[in-house]
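The values are calculated or read from the model by the stated rules, or taken from the named source; none is laboratory data. All values derive from a computational prediction rather than experimental measurement. Every residue, glycine among them, receives a Cβ derived from its backbone with ideal geometry; neighbour counts consider all protein chains shown. Accessible surface areas use protein heavy atoms only, side chains included; no ligands, DNA or RNA. Shrake-Rupley method; radii C 1.70, N 1.55, O 1.52, S 1.80 Å.
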Amino acid sequence: MGSKRIIRAFIAIVWALCFCQTAWALSVTRGPYLQSGAPDSITIKWRTDQTTDSRVRYGTSPSNLSQSRSISGSRRTHEVQLTNLTPNTKYYYAVGNAQTTLAGADNEHYFTSSPNPGSRKPTRVWVIGDSGTADSNARRVRDAYLSYSSGRETDLWLMLGDNAYPDGTDSQYQSAVFNTYPSLLRNTVLWPTLGNHDGHSADSANQSGPYYDIFSLPRNGDAGGVPSGTEAYYSFDFGNIHFISLESYETNRSTSGAMMTWLEADLSATDKDWVIAFWHHPPYSKGSHNSDSETNLVQMRQNALPILEAYGVDLVMSGHSHSYERSFLIDGHYGNSGSFRSSHKKDGGSGRESASGAYRKSAVGPVPHEGAVYAVAGSSGKTSGGSLDHPAMYLSLNTLGSMVLDIDGNRMDAVFLDSNGSVRDSFTVIKGSDTPADPDLNSDGRVNSLDIGILMSRWGGSDSGADLDRNGVVADEDLQMLLEAWSP
Amino acid sequence: MMMMLRTLLPRVLCTVRGARGDTTHRDHGLLFACVLSLLCCVAPAQVYAHAGIHERIDEYSRQLLAHPNDAALYYARGELYRAHQKWDLALADLDRAQQLDPALAEVDLARGKLWLESGSVKRAVTALDRYLSRRTAHVDGYATRARANVLLRHFRRAVADYDQAIAGLKNATPEYYRERAQAVLQASDGSVEEALAGLDAGIHAIGPVVSLQGLAIELEQRRSAYGAALRRLEQLPPLLQSTPKWQVIRCEILHHLGRIQEARAVLSGVLDRISAMPASRRKSTVMQGLRMRAEAALGQLER
Ligand SMILES: [Fe+2]
């Protein structure tokens, strides 16, 4: 009797499998999620439970997805690039195949194309590191952010590596990324860097393995920046911010290698207001990893930092140590922690306006050697302690959480948000002056054609009162400000 | 597993029945995927779910108490020790792994990396020789040995290893091509032409990325092939060509080609751009260096 029951159960399962394969509708098992966002293009990826063709419909209203892009042939992992988008525009979308919509065409599936390069759009960035635990820790960090940011779109999302523990396999990514952050993935472009755990199953030289299958990153400068020729390290622009993602695990980190050569070229070619770099292995840390003794950390500090600082990097974020460690505004420190001196501090205060004041740099745009803030934000999935006493750090916390950046024109506000939703650190960087100059250039009490004449005579220059918006160069924006203040 | 099956079976059947009803197909697909993935779950339990390196080492040590002859466990723990730069502990584990399972070739790759990372380059090459005699198409093995050979100044051998590594890649990477060219240039019998040919193979596969094309431009100038240098420069991304550095290089090349007027115009443009920069940027080491280089080039043109 017992064996008959087992046979019946077995037949039922086989029948169920056959039935499902033939009669059940397709479903989306991963995503959709957004990659390589640019002003005029974006890549949408998703996975289905069965093979089918790919189609994305999109438009500026969820009820009118008038445009579409299809790819024939059959696959389970779908990747469709939309092109000819209007910059800084909200699009709704739906994914599916030629016949059916499988997800979207509602208010929950949308993206906003990146703003034009150089334009100053208030930008919110969510930053998580070592988040790949797929557990209640990661979910609490997520929920704290979603609650903090409710009512405010997330423009960009950075993952600092070790995105899926323990080995970055496809199924671990399913749990730690796709099942953990489904709503953000639908609406916000995710920009990652490779951590050592991701590297267990991925190969950067070959750009193969789950990490490289899952992410589609701009190797050809498709989203701004100089082409790197590889997805292992890349850069992109978002409005007035230039982002750089380096690979600190298994790519050659020497100054004569391909990555650092590209880094120097990429930095030399950006004129954006802000330069933000991120990679996994922190140049300064006394958390669960020690930047004095571990090769990858030492090499990134010794080799990448001099290049970044020579071109005026503003903020560097890493993970690997499962803690939050945030530096003063510092420059020129490439040795071990024992050699850190107060002379390396460009500003030894908190960077808080309410206390010692915001960190300041003299001009908007890349400003060499005026200091950068270095943050370890590797506690988005777990905390692992450590001595947490690196002298470059203003603050070190063994606390679960994430970073939130708000960049608006020449001002950046950053916070560390813990998993209970409390802001545990904040700092501000202001570039150039935050008060515009007086458009009455000849101080005659009127803003008129004489002032325009003065402004035109200083056109393209920098060190004059005519740089009304204090961005370092007399240009269109200054003329516009003058005209707005017109009182002849 | 049997417990799990007993719990899940009614749900599978219920789900299948439901598929004929009016519940959405999408929900069934998701549920089915979950159930199926559980039914098919035959992967061994992860020994170290979300642990850090120390916990993972501890976990392997615990497992080794129960399975003292498991070569794979010694190998895995040895790799963790290596990542943590505990060279002696790592070597002891790798040695033990190989004693227990001489067929475990990866031990020699791990040893090779360990010796290389800890500065014993000759030993690294010996281990990697053994490894590559057994795994003849292993990209990482060849690339690691190539780098070891560069350190030993065995540049010709390094070039041969880079060739093997490059041939094994499915997706080309700039770094092996660049390192190969650098090795060729240091080989006593290496030539600029040979280095350029290797860079061009990379450029053909990847595109004129600056890590390859930049070096190629330098080499074209070195062999006084200024026309070729200019053609290559004009293939760089426009964003990069417009930077002061590449504008100055362009002028130096134009000068050699006798295109003096053009060179002069570009140089004064560069100098104007540098002067218009904010003081903090203009006075940076990078910009001061470029300004001096541009002024020197302009001086040469005036002569
Ligand atoms: Fe890590």
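Couple of notes before you dig in:
- Among (1) surrounded by 15 or more Cβ atoms within 10 Å (Cβ to Cβ); (2) under 25 Å from A:N220 (Cα atoms), the one test that A:S70 misses: (1)
- Filter result for B:A137 (more than 20 Å from the chain's Cα centre (by Cα), over 20 Å from B:A183 (Cα atoms) and in a loop (DSSP other than H, G, I, E, B)): no
- Meets criteria (modelled with pLDDT of 95 or more, in contact with a Gly (Cβ under 9 Å, 6 or more places away or on another chain) and among the basic types (K, R)) for A:R411: no
- Where A:D203 falls short, out of the listed (1) touching a Ser or Thr at 6+ places or on another chain (Cβ under 9 Å); (2) at the interface with chain B (Cβ under 10 Å from one of its Cβ atoms); (3) of a type outside the set (A, V, I, L, M); (4) surrounded by fewer than 24 Cβ atoms within 10 Å (Cβ to Cβ): (1)
- Checklist (1) within 15 Å of the ligand (Cβ to nearest atom); (2) buried (at least 24 other Cβ atoms within 10 Å of the Cβ) applied to A:V127, failing item: (1)
- Applying the set (1) more than 17 Å from the chain's Cα centre (by Cα); (2) within 14 Å of chain B (Cβ to nearest Cβ) to A:G132 leaves exactly one unmet item: (1).
- Residue ID - nearest to the ligand (Cβ to nearest atom), chosen from residues in the range A:334-382 that are open to solvent by less than 40 Å² (accessible area, probe 1.4 Å) and in a helix (DSSP H, G or I): A:S337
- Criterion applied to A:L405, A:L395 was being surrounded by fewer than 24 Cβ atoms within 10 Å (Cβ to Cβ), more than 13 Å from every other protein chain (Cβ to nearest Cβ) and under 30 Å from B:P278 (Cα atoms), and the one residue passing it is A:L405.
- Of all residues in the range A:40-75 being in contact with a Leu (Cβ under 8 Å, 6 or more places away or on another chain) and among the small types (G, A, S), the one that is nearest to the other protein chains (Cβ to nearest Cβ): A:S41
- All positions within the range A:197-209 that are more than 16 Å from the ligand (Cβ to nearest atom) and outside any loop (DSSP other than H, G, I, E, B): A:D203, A:S208
- Among helices (runs of 4 or more DSSP H) entirely within the range B:162-253, having at least 2 residues that are away from chain A (no Cβ under 12 Å) singles out B:192-206, B:210-222, B:226-233.
- Residues satisfying the stated conditions in the range A:185-196, i.e. within 14 Å of the chain's Cα centre (by Cα) and within 16 Å of the ligand (Cβ to nearest atom): A:P192, A:T193, A:L194
- Test: A:R57 is among the charged types (D, E, K, R), out of contact with any His (no Cβ under 8 Å at 6 or more places or on another chain), surrounded by fewer than 17 Cβ atoms within 10 Å (Cβ to Cβ) and without any contact (Cβ under 8 Å) to a residue 60 or more places away in the chain: no
- Residue within the range B:87-110 that is open to solvent by 50 Å² or more (accessible area, probe 1.4 Å) and within 16 Å of the chain's Cα centre (by Cα) present: no
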